[in-house]
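Presented below is the structure to which this report refers.
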Amino acid sequence: MPHFVILLTELHYHPPAALFAELLRADGLLLEAHEHYRKQTFRNRCLIRTAQGVQPLTVPVIDGNRAEKVTAAAIEIDYRQNWVHRHWRTLQTAYGNSPYFEYYADYLHDIYVSKPALLFDLNLQFLRLLLRCFRLNLPLALTIDYRPHYPTPTDAEQPFAPPLGQSITPLLLDRRDWLTPKSALRAPEPDTPAARSQVRPYPQVFGPGFEPGLSVLDLLFSQGPAAGGYLQ
């Protein structure tokens, strides 16, 4: 019997390209909306490559010291810091000469300057844009509560309807906290998914050599519409 694959993940800020390799194999995307926020994760940061090497871009949040007691969907962005300007200038400096930066720049900039109040909303807007860039027309749903572990969803729980007239077994892949900034900068452990191997080396703006674990923006600005061909 065929499976209807649902990928469960938290929302990231410009997630690593490896996540999109997983999405290419999914039939639906379930976003964790009820977890407690966790600091020093891809929820509010991404990794890009600049002339000085790999650099994190971090979205500041209000009451960051208390943030882990707040649900991720309620975390507010701190616009008292001029981070939008800094992030945008850093992206321009790092990728302004890449083949496809100008192709996507206006769409990204429009989201930045709209200044959504919540980190969840900012990340969701960027995710929807990135899904369009990769031509991924996945149905998307939010969790209704927090569960540490998910069994295979029953028909009553399944957030997505299978194709009309087809009997399909739902299969949920829990990828929450699968990708972290620390794991992106070191070799994968033997018992963890080999996220690095899911992105084939591609020409990066700054070299020498290939730097894995970067934001999907790095791949998109380099390869544009052909970016999906580097995900495996």
Requested in this report: Taking the Cα centre of region 1-154 as origin, sum charge times position over the Cβ atoms of Lys and Arg (+1) and Asp and Glu (-1), and report the length of that vector in debye to the nearest 20.
Outcome: 340 debye
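Once you sort the root eigenvalues of the Cα gyration tensor of region 3-92 as a ≥ b ≥ c, which label holds: rounded (a/c under 1.5), prolate (a/b larger than b/c) or oblate (the other case)? Display every interim value, and only then the final one.
Details: a/c = 2.66, a/b = 1.24, b/c = 2.14.
It is oblate, given that a/c is not under 1.5 and a/b is not larger than b/c.
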Query raised in the report: Of Leu131, Asn97, Tyr79, whose Cα points farthest to the positive end of the dipole of region 73-150 (charges on the beta-carbon: +1 Lys, Arg; -1 Asp, Glu; origin at the Cα centre)?
Result: Asn97
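Relative contact order (percent) for region 29-160, with alpha-carbon contacts under 8 angstrom and 6 or more residues of separation? Intermediate values should be presented prior to the final figure.
Numbers: 131 pairs, mean separation 43.5, N = 132.
Relative contact order comes out at 33 percent.
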Report summary line: Once the in-chain neighbours fewer than 8 apart are removed, the lysines whose Cα is under 20 Å from Lys39 read Lys69, Lys182
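Starting from 0.36 nm per residue, how many nanometres of slack lie between His36 and Leu140 once their C-alpha separation is accounted for?
Values: separation 104, 0.36 × 104 = 37.44 nm, distance 2.06 nm.
This chain segment gains 35.4 nm when fully extended.
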Report task. Place a +1 charge on the Cβ of each Lys and Arg in region 27-76 and a -1 charge on the Cβ of each Asp and Glu, then give the dipole magnitude about the Cα centre in debye, rounded to the nearest 20. Result -> 280 debye
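Computed from the coordinates by the stated procedures, all read-outs in this text should not be read as laboratory data. Nothing here was measured: the structure is a model prediction, and the numbers come from that model. No Cβ is skipped: glycine too gets one built from the backbone with ideal geometry, and neighbour counts run over all protein chains shown.
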